[in-house]
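Nothing in this text is a laboratory measurement; each read-out follows from the coordinates by a stated rule. Here the structure is a predicted model, which is why all the values come from computation and not from measurement. Heads up, the Cβs are rebuilt from the backbone with ideal geometry, glycines too, and the neighbour counts pull from every protein chain shown.
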Amino acid sequence: MILVTGGAGFIGSNFILDWLATHDEAVVNLDALTYAGNVHNLASVKDDPRYTFVHGDIGDTQLVAGVLERHRPRAIINFAAESHVDRSIHGPEAFVQTNILGTFRLIEATRAYWGLLPEHSAFRFLHISTDEVFGTLGAADQAFSERTQYQPNSPYSASKAASDHLVRAYHHTYGLPVLTTNCSNNYGPYHFPEKLIPLVIHNALEGRALPIYGDGQQIRDWLYVRDHCSAIRRVLEAGVPGETYNIGGWNERANLDVVHTLCDILDELSPKAGGGSYRDQITFVTDRPGHDRRYAIDARKIEAELDWRPAETFESGIRKTVRWYLDNAEWVRGVASGSYRNWIEKQYA
Ligand code: NAD
Ligand code: DAU
């Protein structure tokens, strides 16, 4: 049995779907169902006897202790977080609450549980983090390695950096067998349409503006979400406790190029009714405050030590992603209209 937190979000739900498709081992999903949590992502496994959903907050010590006691996981994978940089700029408190205090309470409850386990050393706490903790790179700089200094620039990345430090400290101080992964930008199915790629696909099809912050020359290093999930499984299986692993796809792209690519694929797969290109909807808007210029991951450690590399190129992954959004218009409509939240209201009215 493994415990996944934040499993109703973008990466967590892809992780659970892939896990249940490739493993016999059961999964408990602990998720607070914030605006980013969507149980419909997991509709295909909701009746699977190996899948259990628990509605709750990682910061609720009593609830977490009860979940650990009842399900006795051999590993915890902590995806739960506030994840959107723009939201952290407008309202940082939720980020401090979940990413810092929530992670602290989760790991503290984990320490108590782990201390009483007979198979003490086989247990793992895998903390999912981001490349944003390293700050920004200049055009001529090398990529982020596991030894790059932390220099977070947004309230989001600062809160993730704080949680990474707490997790690290629990290994050094208490010996808790922790692993941390720092991954680059993910894209793929079930991505909430507040983030660049799903937002652009959705807005394009709705005939709305495609907002490019600043000059659009900021660089992100894109990884197909299922490749991130396979890397996490590999780290869980073979990673060395106390170590951190950078995960990336060697796919640096400027934002404007990503948006051009999306428009070109949409022009081909779903041409505009009135003719013309989706590129015509591109609109340059005011830049994000403190916008990091470039991220790039040096993924040599995970490749050399754990023999992991991504299966998708950016070209294959982005095409699959556009296809998924075209084939799953109902999911997108449910998220855009807010109707995906009805489930929570019905359950907890
Ligand atoms: P997401 O926002 O799509 O999902 C977050 C999930 O966590 C949601 O289901 C939400 O309901 C849940 N959650 C939030 N607060 C909670 C709380 N207090 N208790 C329990 N559940 C809570 O995020 P995502 O994009 O899937 O990211 C998952 C993790 O991966 C995060 O830790 C993020 O920092 C990290 N990460 C994301 C990316 C990316 O590109 N999306 C890249 C690298 C790392
Ligand atoms: O690098 C990993 C991080 O990637 C994760 O830790 C975060 O959880 C995840 O949200 C993502 O952060 P970004 O800020 O890079 O992702 P976002 O999709 O919000 O933005 C990608 C780039 O596109 C960024 O340079 C800002 C720009 N952008 C974004 C939006 C939403 C635009 O130009 N226009 C937009 O409308």
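Summary of computed values
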{"quantity": "Amide hydrogen neighbours beyond the local backbone of Ile247, cut-off 5 Å, H modeled", "calculated": "Asn182, Cys183, Ser184"}
{"quantity": "Per-residue ³J(HN,Hα) for the range 288-303, Karplus 6.51 cos²θ - 1.76 cosθ + 1.60, θ = phi - 60°, Hz, x for Gly and Pro", "calculated": "5, x, x, 4, 5, 7, 8, 10, 7, 9, 8, 9, 6, 5, 5, 6"}
{"quantity": "Cα-based Lys pair tally, the chain, threshold under 21 Å, eight or more apart or on separate chains", "calculated": "4"}
{"quantity": "The chain - share of DSSP beta bridges that are antiparallel (%, nearest 5)", "calculated": "10 percent"}
{"quantity": "The chain: angle of helix 196-206 to the longest principal axis, Cα-based, in degrees nearest 10", "calculated": "40 degrees"}
{"quantity": "The chain - percent relative contact order, Cα under 8 Å, separation 6 or more", "calculated": "18 percent"}
{"quantity": "Computed [θ] at 222 nm, deg cm²/dmol, the chain (DSSP H ≥ 4; -39,500 (n - 2.57); rounded to nearest 500)", "calculated": "-12500 deg cm²/dmol"}
{"quantity": "Using θ = phi - 60° and Karplus 6.51 cos²θ - 1.76 cosθ + 1.60, couplings along the range 113-128 (whole Hz; Gly, Pro as x)", "calculated": "5, 4, x, 9, 6, x, 8, 3, 7, 7, 5, 9, 10, 9, 9, 8"}
{"quantity": "Simple spin-label estimate for Glu303 and Ser121 in nanometres, 7 Å along Cα-Cβ", "calculated": "3.2 nm"}
{"quantity": "Kirkwood Rh (inverse of mean 1/r, distinct Cα pairs), the chain, angstrom", "calculated": "20.7 Å"}
{"quantity": "R0 of 25 Å, Cβ-Cβ distance Leu205-Lys46: FRET efficiency to nearest 0.05", "calculated": "0.35"}
{"quantity": "Label point at Gln151 placed 7 Å out along Cα→Cβ; residues across the range 217-241 whose backbone nitrogen lies under 20 Å", "calculated": "217-221"}
{"quantity": "Stretch gain in nm, segment Gln97-Arg341, where the contour uses 0.36 nm per residue and the Cα spacing is subtracted", "calculated": "85.7 nm"}
{"quantity": "Of Asp264, Asp280, Asp86, the one that fluctuates the most in a GNM where the chain has Cα springs shorter than 10 Å", "calculated": "Asp280"}
